[in-house]
Amino acid sequence: MTTALPKPELLAPAGNLEAFFAALENGADAVYCGARNFSARAKAKNFTVAELERMTACAHARGAKLHVTVNCLVKERELPELAELLADLELMGVDAVIVQDMAVWRLAHRFCPGLKLHASTQLTIHNSAGVRMLERLGFSRAVLARELTLEEIAAIRAQTTLELEHFVHGALCLSFAGQCYFSSYLGGKSGNRGRCAQPCRRLYRAQGKEGYYFSTRDLCAVDLLPELARAGVCSFKIEGRMKSAEYVATVVSAYRRALDAPEDAREEAEREARRMLKSSFGRNPTHGFLTGVENEDISNSAVTGATGLWLGRVGAVAGGDIRFVSREPLFVGDRLRIQPKSDRSGQSFTIRTLRLGRNEVRHSAANANVTIPTPFKGQFRVGDSVFKVSSEQAFTMSEAKGRRRLEAFAGDAPPQLTVRAELCSDILHLEGHILGMSFAREYPVSCYPAQKNPLNAQTLAGLFGHLGPDGWPEADFVCGDLPPVVIPPSRLKEIRRDFSENFQRFWRKKRAEKRKETLGRMMNALLAAHPPERHASAQIAVAIGHARDLHILDDPKVQSVILPLTGENVQERLHRVRDRKDRVIWEVPLVLFDAQWTACRQMVASLVEGGFRCFMLNNLGHFPLFEDVPSVRLFAGWRLFSLNSQAVLSWKELGVEGATLALEDDRANLFDVLAHATDVALSVTIYASVPLLVTRVNLRRLPQGRTLVSDTGTTFRVAHRRGLNILYAGEDFSLVGREAELQQAGCGRFILDLRQVGPFSPTGKRVLASLGRGRELSGTSLFNYGMELE
């Protein structure tokens, strides 16, 4: 007999209050939303701490959960604010915190034990080793990378008891989440800081042809929910914190219908769900990688990257008015977006006036030639695309109404509460327990022998099981044996009122004390800045692509090399370095699916047996490669997100002795991190070909090495590496010429990543020859060093 699987959680997004209520009222089991800061969707409205408190109480009152995203990288000067947020989230009893930066993990794990931690998809967890590492670190859930197939998810489930969450609907990133620097490189708006400007949705030219080469379709797995559940996914996540409440209401309703359908009605429920989803204003649907890695419908260069229901192209412009033939019916109240051909950010507006010829109408039929006044005079051109992004039939709730509904819930509700009652010698003893704290009161009562209906535990539970305003949880009520007596109801109501008021005051006082204590401990754990250690000279590590270039170690400027851990390089290892094995750092590839992990583990064992000791890691799933491997020296690569001293300390606690600071960081924050002593050797990359994104999508239309050009003239190139595609910036990143100021700031270790150009190429030789001369290299980019990383 087959045991029925528990029904997975349906997890919905909320970027504003309207979407929050839309999610709850349409059947979401849980809602995820962002705090005003530290969210991977910084452009969403997000929520204040006070709002999150009331939203937590509101969700709990409806039997739902609230997950708060703290899933972006944190700068050094933001750590005190992060500590305050974590202390607040623990006290308000949110059901989970979604984490990317290991600083969040370190502070929460050490000082906020009441917080459940979920590993964001931004952590690029894509194999069993990564999930096992999360278990070791105390996470309760992994949000898996969207690049996995159903078979790969099932293989991970077989290796762990950790909760597994996976996206089932919404926008797909072309890149592995957490590994995209496209937006950051083009303007400092980092996807890892929640500010992605979506350059992948724009138009590019390759080999003389224009296309949306990096724009993906939207994920839709509504017909794969049973398969996902059997693979071990316990939470079905809907993407969309930037989307409207209408989108949230429609998508949650559709997935609720499919998820709740009995087996014999599932096909009909799926058909109805797909019909509902057609009105959710997304891109064309795809199963993503769930049904296989060779899925060619994930991206389509011929289709615009914009979301919404495509209506047609602007046929005429007169002042602020546009005229076009709409493929679909239109209503006053519909919201449109006009998208330029370049696919840069479009302009959105609500239809206030709709004309057919000279006549104003409330609605128009499909294929009608309509004229619509817009608030954007002179901004649109003939040929621009017109999209409907929401309809007049949308789930509507004003911001003011949402706030009024939220005000009904107390913002300081305790996460759990127990009340105990004892009646002894005409004294009623009441004791409340909350977060390990106790509050007790004794009340004299007049007891009379009961002729009928004596006082019972159910009566007392009805009085004392709910001690706060709306939004406070029902207490776990415990009552001792009661004699057969009655107590006047008026006296019991007096006692209930007094105990409730005093208990609430007690909780609020203790709550403030606990917050102060927790926050004080976290603040004490933050490192103080110190005068930087000035280095007269710096150690140089050169990253190379092939073992044939190991003789770069003969250069007196070079102290070590970083070499990719690949089969071909490992085979050539011994005879090339002889007695210089301690100067070779083997870099583990970022992506190691389970099918590749065992071979990588064997290569590590072979290298260690051959006398090599130094390895560079780029993902949490790399740490288990070195379990029970003696005497290795581990280094954190820049993909392990070291944007603050707490993250660096987390790597130290995991056995790392050196870390590379974030490649996308700006000058001010780099200097701030260097000013906080961690006893970890910190390196700064001063030359690299910047990998803007890494994708499992097969970009067959983009031959390796060919140049792509944006509408602004910026160039890029694509490389294929071991089943992955990598987009590189046309201009290399270089801080060569800035060595002196970095040394003064406390950095004594520099990395030159020459694997793309080769250390003995003209470019490689030029870079090495320029070290220490104080002159910047022409034709290169400072990335974010000369501007603020947003």
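The values are calculated or read from the model by the stated rules, or taken from the named source; none is laboratory data. From a predicted model like this one, the values you see are computed outputs, not experimental measurements. Note: ideal-geometry Cβ built from the backbone for every residue, glycine included; neighbour counts use all protein chains shown. To get the accessible areas, we keep the full protein, side chains included, count just its heavy atoms, and leave off ligands, DNA and RNA. Shrake-Rupley method; radii C 1.70, N 1.55, O 1.52, S 1.80 Å.
Here are the numbers for the structure shown:
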{"item": "Taking the chain and dividing mean pair separation by its residue count, relative contact order in percent (alpha carbons under 8 Å, at least six apart)", "result": "14 percent"}
{"item": "Coil-residue trypsin sites (Lys or Arg not before Pro) of the range 136-196, DSSP, other Cβ within 10 Å capped at 13", "result": "none"}
{"item": "The range 1-144 shape via C-alpha gyration tensor axes, a/c threshold 1.5", "result": "oblate"}
{"item": "Derived scalar couplings ³J(HN,Hα) [the range 219-225; Karplus, 6.51 cos²θ - 1.76 cosθ + 1.60; whole Hz; x for Gly, Pro]", "result": "5, 8, 10, 4, 9, 10, 4"}
{"item": "Cα-derived Rg over Rh, computed across the range 126-269 with Rh taken as Kirkwood radius", "result": "1.02"}
{"item": "Proximal aspartates and glutamates relative to Lys243, as straight alpha-carbon distance under 14 Å, when same-chain residues fewer than 8 apart are discounted", "result": "Glu18, Asp218"}
{"item": "Estimated FRET transfer efficiency (Arg766, Glu494; beta-carbon r; R0 56 Å; 0.05)", "result": "0.05"}
{"item": "Backbone HN-Hα couplings from phi across the range 651-660 [Karplus 6.51/-1.76/1.60, Hz, Gly and Pro as x]", "result": "5, 4, 5, 8, x, 8, 9, x, 9, 9"}
{"item": "The chain: Cα Rg divided by the 2.2 N^0.38 Å rule of thumb", "result": "1.07"}
{"item": "Approximate spin-label separation Arg77-Glu328, in nm, with each point projected 7 Å along Cα-to-Cβ", "result": "4.5 nm"}
{"item": "Where trypsin sites (Lys or Arg not before Pro) fall in DSSP loop in the range 415-515, at most 14 other Cβ within 10 Å", "result": "Lys452"}
{"item": "Rounded to 10°, Cα long-axis angle of helix 49-61 versus longest principal axis of the chain", "result": "60 degrees"}
{"item": "Fraction of antiparallel bridges per DSSP, the chain only, in percent to nearest 5", "result": "55 percent"}
{"item": "DSSP beta bridges in the range 632-790 [antiparallel fraction, %, rounded to 5]", "result": "60 percent"}
{"item": "Portion, in percent, of the accessible area of the chain that falls on carbon or sulfur, probe 1.4 Å", "result": "48 percent"}
{"item": "From phi via Karplus (6.51, -1.76, 1.60), per-residue ³J(HN,Hα) for the range 723-732 in Hz, x at Gly/Pro", "result": "x, 10, 10, 10, 9, 10, 5, x, 9, 6"}
{"item": "Three-way shape call for the range 73-207 based on the alpha-carbon gyration tensor, with the a/c threshold at 1.5", "result": "oblate"}
{"item": "Folded to 0 to 90 degrees: helix 489-525 orientation relative to the chain principal axis, Cα", "result": "20 degrees"}
{"item": "Separation between Cα centres of the range 132-167 and the range 65-127, rounded to whole Å", "result": "18 Å"}
{"item": "Degrees between helix 128-137 axis and first principal axis of the chain (Cα, 0 to 90, nearest 10)", "result": "60 degrees"}
{"item": "CD proxy at 222 nm, helix term only [per DSSP H run n ≥ 4: -39500 (n - 2.57); per residue of the chain; nearest 500]", "result": "-8500 deg cm²/dmol"}
{"item": "Relative contact order (%) - the range 669-790, alpha-carbon pairs under 8 angstrom, separation at least six", "result": "30 percent"}
{"item": "q = 0.12, 0.13, 0.20 Å⁻¹: log10 I(q)/I(0) that the Debye formula gives for the range 454-583, counting C-alpha atoms only", "result": "-0.72, -0.79, -1.12"}
{"item": "Ala368 long-range amide H proximity, modeled H, under 5 Å", "result": "Ser326"}
{"item": "Total formal charge among the other residues, if their Cβ is under 13 angstrom from that of Pro624, Lys/Arg +1 and Asp/Glu -1", "result": "-1"}
{"item": "Rel. contact order, % - alpha carbon contacts under 8 angstrom, at least six apart, the range 408-529", "result": "28 percent"}
{"item": "The range 236-264 and the range 716-755: distance between their alpha carbon centers, rounded to Å", "result": "42 Å"}
{"item": "Within-15-Å neighbourhood charge of Pro762 [Cβ basis; K, R +1; D, E -1]", "result": "0"}
{"item": "5 angstrom amide H check on Tyr181, placed H, neighbours 5+ away", "result": "Leu693"}
